[in-house]
Amino acid sequence: MVISPEQPGERDPARARFPSAPPGAGPVLEWFQESNSNGIKSGIFVASLIAAFLSLKDWGFDWTTTWGLWAFVLAPIPIFYLYSRSGGLSAGSDWFATSRRRHVQLYELTKVTVTNPAGVDAWVLELTDRNGGFTGAKLREVQQNRALWDLVYNGIVHSVNSGTATANELALDKLELR
């Protein structure tokens with residue numbers, strides 16, 4: 001598997017954590033795991049927001065003399081780091097997995113849903129197959145690895161165009177399935 005240097009995220013398959021192929025399925029053809037440094041950067045950003053809030057709330061930096069508040073401010077950094085290491089995504093020629101237990105058969109989909117639970121640019125892709133398999137992931141993460149996205153998107157297009165899968169309006173628009 002050749003990974004282009006432009007691809008963001010973890011690049012070393014020996015260090016990455018991504019789901020293995022489901023039982024009886026073909027091999028992992030593509031995978032993606034967010035880079036650990038992205039988790040650290042996100043944690044620092046959230047910690048900075050908390051520190052700014054506390055400074056504005058007190059109109060100063062008096063909060064820095066309380067060790068408990070420092071623990072509260074710095075807690076997001078290891079939390080986001082650990083979350084970024086929690087796992088990745090993988091796909092084969094006809095399957096897509098977001099964890100060891102959550103995978104779908106891409107050419108047997110019955111439901112394709114895109115939601116926006118946070119109300120911002122945080123689109124979530126949810127897939128259900130005819131065997132009851134269900135999985136979901138942030139659309140942005142699935143699209144980070146172009147080859148992975150191609151495998152998943154081809155299965156979605158096939159299932160929707162063949163009539164075996166229904167798609168909500170947001171999925172039809174965001175994934176350009178019309």
From the residues in region 25-66 that are among the hydroxyl-bearing types (Ser, Thr, Tyr) and surrounded by 15 or more Cβ atoms within 10 Å (Cβ to Cβ), which one is farthest from HIS103 (Cα to Cα)? SER42
Identify the residue in region 97-113 that is out of contact with any strand residue (DSSP E or B) (no Cβ under 6 Å at 6 or more places or on another chain) and not aromatic (Phe, Trp, Tyr) and, among all such residues, is surrounded by the most Cβ atoms within 10 Å (Cβ to Cβ). SER99
Return yes or no: is PHE96 of a type outside the set (A, V, I, L, M) and either modelled with pLDDT of 90 or more or more than 30 Å from ALA165 (Cα to Cα) (or both)? yes
LEU148 - would you say it is in contact (Cβ under 8 Å) with a residue 12 or more places away in the chain and under 20 Å from THR115 (Cα atoms)? no
Give all pairs with beta carbons closer than 6 Å in which a residue from region 153-177 that is in the same structural domain as GLN105 (by TED's automatic domain parsing) and surrounded by 14 or more Cβ atoms within 10 Å (Cβ to Cβ) meets a residue that is in a helix (DSSP H, G or I) and of a type in the set (Ser, Thr, Tyr); count only pairs at least 6 apart in sequence or on separate chains. GLY155/TYR107; HIS158/TYR107; ALA165/SER159
State all residues of region 29-70 that are in a loop (DSSP other than H, G, I, E, B) and more than 17 Å from the chain's Cα centre (by Cα); if no residue qualifies, say none. LEU29, TRP59, GLY60, PHE61, THR66
Only one of LEU151, LEU125 is under 14 Å from ALA97 (Cβ atoms), in a helix (DSSP H, G or I) and either at pLDDT 95 or above or not hydroxyl-bearing (Ser, Thr, Tyr) (or both); which? LEU151
Can you confirm whether ASN145 is of a type in the set (S, T, N, Q), at pLDDT below 95 and under 18 Å from ALA21 (Cβ atoms)? yes
Selection from region 78-93 of residues farther than 14 Å from VAL28 by Cβ and either part of a loop (DSSP other than H, G, I, E, B) or modelled with pLDDT of 90 or more (or both) yields ARG85, SER86
Please work out if PRO22 is surrounded by fewer than 13 Cβ atoms within 10 Å (Cβ to Cβ) and not hydroxyl-bearing (Ser, Thr, Tyr). no
Please tell me if ALA122 is touching a residue at least 12 places away in the same chain (Cβ under 8 Å), under 12 Å from the mean Cα position of the chain (by Cα) and exposed (fewer than 14 other Cβ atoms within 10 Å of the Cβ). yes
Does LEU69 satisfy the criteria of being surrounded by 14 or more Cβ atoms within 10 Å (Cβ to Cβ) and touching a strand residue (DSSP E or B) at 6+ places or on another chain (Cβ under 6 Å)? no
Selected residue [surrounded by fewer than 20 Cβ atoms within 10 Å (Cβ to Cβ) and of a type in the set (A, V, I, L, M)] from ALA137, ALA147: ALA147
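The values are calculated or read from the model by the stated rules, or taken from the named source; none is laboratory data. Nothing here was measured: the structure is a model prediction, and the numbers come from that model. Note that each Cβ is placed from the backbone with ideal geometry, even for glycine, and that neighbours are counted across all protein chains shown.
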